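Take a look at the structure below.
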Amino acid sequence: MTHLTPRAEWIWRRRGIDKLPFSGGEPPYEAEANRYVYFRKTVEIDGPVTATNIHVSADGRYQLYVNGQRVGRGPARSTQAFQTADPYDLTPYLRPGRNVIAALVHAYGRNTAWYELPIWEQARAFGCGGFFLQGDLVMEGGETLPLDTDASWRHRVADAWERETPGCSLGFVEVYDARRAPQGWTHIDFDDAGWDGAEVLRVPARNFAGDVVPFPTLMVRDIPPLPEEMRFPQAVLAYGEVIDRPDAGDVGAQMAAEIWDQKSDFSKKSDFFLDGATTITTRPGRSISVILDFGRMVTGRVGFHVDGPAGAVIDFAYGERLLDDGRVWMTAGIQGYDDTPQAHRYILREDDQRFEQFEWAGFRYLQMTFRNCERPLHVKSVHLNFTAYPVAERGEFVCSDELLNQIWAIGAYTLRLCMHDAYEDCPSREQRQWVGDAYVQTLINYVAFGDARLAARLLRQVAQSQRPGGLTMMTTPSDFGAGSFFNIPDFSLYWMMEIDRYVTYTGDEATARTLYPALVRAMAWFERFLDDDGLLANVPHWVFVDWADLDKQGQVTALNAHFVEALNSAARLALLAEAPRDAARFRVLANRVTGAINRHLWDEERGVYVDARRRGRPSRRVSQVANAMVIAFGVAPEERWPSILAYILDEERLVLTNTGDTDPDEVAFDEAHDVVLAQPFTMHFLHRALSLAGEHAALLENIRRRWGALAQAGESTWREAWQLHPYHSTCHAWSGTPTFDLSTEVLGVAPLEPGFRRVRIAPQPVDLTWARGRVPTPHGEIEMAWAWTEGRFDLSLSLPEGVEAEVTLPSPGDGRIRLVNGRETESVIHQLAKGEHTLAAIAD
């Protein structure tokens with residue numbers, strides 16, 4: 001990342017802050033909680049502007065405008081110690097003469113799923129809230145005109161937003177009164193003479209040290225801006241009158257309590273919003289409610305264009321699912337932690353107007369209730385301003401089984417909705433960047449999109465979250481990380497593996513070298529919990545592993561196998577960092593833990609590994625995930641694989657457990673039903689185990705059985721768990737491993753050396769007759785197609801420059817003839833370089 005040297009001042013509303021307080025207690029965050037502030041700067045430009053170099057940031061979130069046109073939003077999420085400044089080229093928006101640069105900034109006053117409050121002296125001085133813009137206009141003659149934020153910028157507190165609304169990790173409920181908003185405030189001709197000058201956030205430090213300012217370290221954004229695209233509802237599910245309920249100031253509670261009037265003449269479905277403008281008129285004691293379906297999960301900001309009377313109200317809420325009565329199951333945060341329904345309110349001013357929500361959300365269904373419309377309200381359109389991380393659909397998988405094609409595409413789309421300015425576990429309930437989730441997410445990205453930038457940012461942000469003892473945070477930047485709420489230690493192991501896989505898929509060894517010292521400190525944290533048996537034991541915090549109910553007390557098999565794989569990843573990264581002694585030590589430790597797992601956690605009688613061992617006593621619990629991990633991570637000797645797989649793939653033995661809510665000892669198991677089924681996330685490791693064992697038919701069977709059933713049931717994104725609990729998300733990209741599996745194993749493309757310098761091409765047709773696809777690499781796309789006919793397997797392959805391939809073809813029979821580019825060969829593994837190639841295996 002590039003460091004930005006601050007020259008401009010941070011500014012905010014006038015509060016008269018002129019000194020640094022020296023006292024206990026909480027910093028004055030609450031004073032700025034859920035506060036919006038407008039900023040404006042008028043600039044006179046003499047002649048054409050040839051270039052601009054602008055960087056913008058905010059303590060919170062901002063929207064940036066030039067001459068009435070919105071040009072960006074931000075900043076990209078970051079920790080307070082590495083605040084992000086977003087770069088802009090404003091040249092296309094400026095013109096000779098008078099120009100205005102404007103911004104709307106939202107301060108939160110609390111940590112959220114994607115925002116961390118400032119700390120240290122700047123927090124005690126200023127609390128939170130601030131705006132920063134730094135840059136120059138380069139004129140045609142070469143002279144520069146600075147645009148830095150300072151006291152000359154004008155500001156006004158935006159009181160159109162009600163501040164006293166429910167807040168949660170997703171931000172605050174928006175209650176917006178358009179009657180109180182200054183119309184045209186972003187435009188050149190707006191009169192801001194009544195606005196105050198901004199206050200510069202700078203005070204003297206103690207004992208004549210340097211001044212205290214917000215965010216002394218600014219880093220230039222290293223990911224692209226998020227594009228936006230208008231999308232519209234696909235269907236109207238319900239439209240009719242509802243009986244009003246008392247307004248107690250809680251929009252969500254009011255919408256949840258209102259009852260559809262079954263006697264209403266308007267209770268039938270309608271083409272409302274889908275075919276031109278709709279006019280709405282309400283009767284006393286009644287409102288009009290509509291439920292819209294966007295066709296599948298989407299992410300973005302709800303907006304609408306209406307013309308109506310001042311004081312009319314539009315309440316809206318959204319969610320992934322519908323209740324049994326057809327209303328929307330409103331999105332909320334984590335149940336019991338901050339489960340505030342995301343229901344919002346817009347109060348109209350007179351005449352024509354447009355509104356768009358400040359925060360983005362993830363949902364499929366939108367419920368809108370129109371109130372106080374005794375005079376007609378004309379709804380001209382309702383839309384979603386779709387936004388997500390800008391990926392190119394470089395990867396592809398298509399085969400003779402349409403169900404598998406659908407499964408691959410659903411996984412890629414689910415991931416797309418979980419990529420914004422970070423990898424998020426889900427776009428609805430949380431929007432947090434969970435480090436463990438990102439392990440599978442980044443792998444899906446590598447085969448579907450081939451983006452490296454968001455993954456690199458993730459890896460750096462995890463290192464920035466590291467605590468003094470060495471452990472990294474399970475989610476960062478976020479409220480959980482900032483507040484040390486709780487932590488999942490195994491997610492730190494995933495981070496180590498993510499660095500290793502990042503190098504493999506991108507070839508970016510420099511980033512790995514910068515992260516290596518943090519990795520060594522994190523590994524040292526785990527080594528403190530090795531017991532006399534040579535196993536990790538009684539590791540503190542929340543040992544997660546999976547939502548499935550494993551036994552995770554004492555010496556945990558899955559955690560120790562995971563530790564082995566992290567050690568092997570660390571050994572490879574140590575060589576990149578030119579630390580051969582570290583590499584040797586990590587390998588020795590990995591071998592030692594491997595031996596201990598095999599001695600103490602193997603059940604010879606059943607031919608499987610038990611979940612855990614406590615006080616020398618093995619657990620009776622057996623799980624798919626623990627046994628999959630010991631194979632996938634090279635712990636289990638190969639001669640044990642057949643008995644393991646036969647045991648854990650036996651459908652009669654599998655038990656679908658609750659997801660983390662039930663004491664493992666209370667789950668009903670017996671000798672015939674004693675294997676815990678892996679949840680979608682850790683199915684990734686079962687699939688790795690099956691691939692290593694050559695059981696590709698079982699892999700495809702598992703994909704069809706588990707994910708195929710969901711796709712055939714109409715799901716358009718992958719759910720968080722096999723069970724659909726009320727608080728689980730239906731758009732969780734950690735569940736998308738089939739997209740990775742189909743490209744890597746069935747199509748048959750995987751890197752053998754960092755950055756795809758060498759690749760393995762080894763198709764696994766199983767029962768498919770043909771497949772084709774693309775896999776992105778840093779050098780370009782690998783394109784291939786294969787077809788299986790009776791007695792013959794044909795493959796066409798295109799390799800970009802910089803990629804060499806080792807190709808192994810499946811055998812069509814006992815004897816075979818192998819052709820490479822039309823020439824017969826006796827080689828089993830074929831070495832190929834850039835260009836177009838054809839290969840065939842023909843039964844003799």
Self-check item: Residue check for ASP479: under 30 Å from VAL775 (Cβ atoms) and touching a residue at least 60 places away in the same chain (Cβ under 8 Å)
Solution: no
Quiz item: Considering only residues of region 111-156 that are open to solvent by 50 Å² or more (accessible area, probe 1.4 Å) and hydrophobic (A, V, I, L, M, F, W, C), which is nearest to ARG98 (Cα to Cα)?
Solution: LEU145
Quiz item: Which residues, counting only those in region 157-184, are open to solvent by 10 Å² or more (accessible area, probe 1.4 Å) and of a type in the set (Asp, Glu)?
Solution: ASP159, GLU162, GLU164, ASP177
Practice problem: Answer with yes or no whether ALA596 is farther than 22 Å from TRP547 by Cβ, aliphatic (A, V, I, L, M), in a helix (DSSP H, G or I) and in contact (Cβ under 8 Å) with a residue 40 or more places away in the chain. | Solution: yes
Practice problem: Name the residue, out of ASP86, ASP177, ASP159, that is within 26 Å of GLU350 (Cα to Cα), touching a residue at least 12 places away in the same chain (Cβ under 8 Å) and touching a Lys or Arg at 6+ places or on another chain (Cβ under 7 Å). | Solution: ASP159
Quiz item: Only one residue in ALA787, ALA841, ALA805 is in a strand (DSSP E or B), over 18 Å from GLY773 (Cα atoms) and either touching a residue at least 40 places away in the same chain (Cβ under 8 Å) or aliphatic (A, V, I, L, M) (or both), so which one is that?
Solution: ALA841
Quiz item: What are the residues in region 299-314 that are within 32 Å of the chain's Cα centre (by Cα) and surrounded by fewer than 23 Cβ atoms within 10 Å (Cβ to Cβ), if any?
Solution: ARG301, GLY303, PHE304, HIS305
Practice problem: Could you tell me which residue of region 549-567 is nearest to LEU601 (Cα to Cα), considering only residues that are of a type in the set (S, T, N, Q) and not in a loop (DSSP other than H, G, I, E, B)? | Solution: THR557
Quiz prompt | Failed condition for LEU443, given (1) part of a loop (DSSP other than H, G, I, E, B); (2) more than 23 Å from MET219 (Cα to Cα); (3) of a type in the set (A, V, I, L, M, F, W, C) | solution = (1)
Quiz item: Within region 205-258, how many residues turn out to be in contact with a Ser or Thr (Cβ under 6 Å, 6 or more places away or on another chain), farther than 30 Å from SER287 by Cβ, of a type in the set (D, E, K, R) and in a strand (DSSP E or B)?
Solution: 1
Quiz item: What are the pairs, 6+ residues apart or on separate chains, where a residue within region 735-750 that is under 11 Å from GLY773 (Cα atoms) has its Cβ under 6 Å from a residue that is assigned to a helix (DSSP H, G or I) and open to solvent by less than 10 Å² (accessible area, probe 1.4 Å)?
Solution: SER743/VAL447
Quiz item: Within region 824-844, which residues are more than 17 Å from ILE782 (Cβ to Cβ), of a type in the set (A, V, I, L, M) and touching a Leu at 6+ places or on another chain (Cβ under 9 Å)?
Solution: VAL828, ALA840, ALA841, ILE842
Practice problem: Report yes if LEU768 is in contact (Cβ under 8 Å) with a residue 24 or more places away in the chain, farther than 22 Å from GLU393 by Cα and outside any strand (DSSP E or B), otherwise no. | Solution: yes
Practice problem: Working only within region 481-521, note down all residues that are touching a Phe, Trp or Tyr at 6+ places or on another chain (Cβ under 9 Å), at pLDDT 95 or above, of a type outside the set (D, E, K, R) and open to solvent by 20 Å² or more (accessible area, probe 1.4 Å). | Solution: THR504, TYR505, THR506, GLY507
Practice problem: Considering only residues that are in contact (Cβ under 8 Å) with a residue 24 or more places away in the chain and of a type in the set (Asp, Glu), look in region 183-233 and name the one that is farthest from LEU292 (Cα to Cα). | Solution: GLU199
Quiz item: Has region 399-415 got at least one residue that is part of a loop (DSSP other than H, G, I, E, B) and surrounded by fewer than 24 Cβ atoms within 10 Å (Cβ to Cβ)?
Solution: yes
Quiz item: Looking at (1) in a helix (DSSP H, G or I); (2) surrounded by fewer than 22 Cβ atoms within 10 Å (Cβ to Cβ), which is the one condition that is false for GLU578?
Solution: (1)
Practice problem: Look at THR737 and say whether it is β-branched (Val, Ile, Thr) and within 30 Å of PHE363 (Cβ to Cβ). | Solution: yes
Quiz item: Name the pairs whose Cβ atoms lie under 9 Å apart, with the first residue in region 569-586 and within 22 Å of TYR439 (Cβ to Cβ) and free of Cβ contacts under 8 Å to residues at least 12 places away in the same chain, the second in a helix (DSSP H, G or I) and open to solvent by less than 40 Å² (accessible area, probe 1.4 Å), and 6 or more positions between them or separate chains?
Solution: LEU575/ALA583
Practice problem: Looking only at region 526-552, count how many residues are buried (at least 18 other Cβ atoms within 10 Å of the Cβ) and either of a type in the set (D, E, K, R) or within 18 Å of ILE488 (Cβ to Cβ) (or both). | Solution: 14
Quiz item: Only one of (1) under 11 Å from the mean Cα position of the chain (by Cα); (2) over 13 Å from ALA113 (Cα atoms) fails for GLU430. Which number is that?
Solution: (2)
Quiz item: Which one of the conditions (1) within 26 Å of GLN183 (Cβ to Cβ); (2) open to solvent by 50 Å² or more (accessible area, probe 1.4 Å); (3) among the hydroxyl-bearing types (Ser, Thr, Tyr) does TYR38 fail to meet, given that it meets all the rest?
Solution: (2)
Quiz item: Looking at (1) open to solvent by 10 Å² or more (accessible area, probe 1.4 Å); (2) of a type in the set (S, T, N, Q); (3) in contact with a Phe, Trp or Tyr (Cβ under 9 Å, 6 or more places away or on another chain), can you tell me which one SER798 breaks?
Solution: (3)
Quiz item: Among the residues of region 506-514, is any at positive phi and touching a residue at least 24 places away in the same chain (Cβ under 8 Å)?
Solution: yes
Quiz item: How many residues are assigned to a loop (DSSP other than H, G, I, E, B) and over 23 Å from GLU402 (Cβ atoms) when one looks only at region 726-748?
Solution: 5
Exercise. Report, by residue number, each residue of region 463-480 that is open to solvent by less than 20 Å² (accessible area, probe 1.4 Å), of a type outside the set (Ser, Thr, Tyr) and under 19 Å from PHE526 (Cβ atoms).
Key: GLY470, LEU471, MET473, MET474
Practice problem: Answer yes or no: is there a residue in region 126-147 that is within 15 Å of LEU201 (Cα to Cα) and in a helix (DSSP H, G or I). | Solution: yes
Quiz prompt | Flag if ALA103 is aliphatic (A, V, I, L, M), closer than 29 Å to ARG301 by Cα, surrounded by 23 or more Cβ atoms within 10 Å (Cβ to Cβ) and in contact with a strand residue (DSSP E or B) (Cβ under 6 Å, 6 or more places away or on another chain) | solution = yes
Quiz item: Among the strands (runs of 3 or more DSSP E) contained in region 1-106, which hold 1 or more residues that are at pLDDT 95 or above and in contact with a helix residue (DSSP H, G or I) (Cβ under 8 Å, 6 or more places away or on another chain)?
Solution: 61-66, 69-74
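The values are calculated or read from the model by the stated rules, or taken from the named source; none is laboratory data. Keep in mind the model is a prediction, meaning the values are calculated, not measured. Cβ: placed from backbone, ideal geometry, glycine included. Neighbour counts: every protein chain shown. Just the protein is used for accessible areas: all its heavy atoms, side chains included, with ligands, DNA and RNA removed. Shrake-Rupley method; radii C 1.70, N 1.55, O 1.52, S 1.80 Å.
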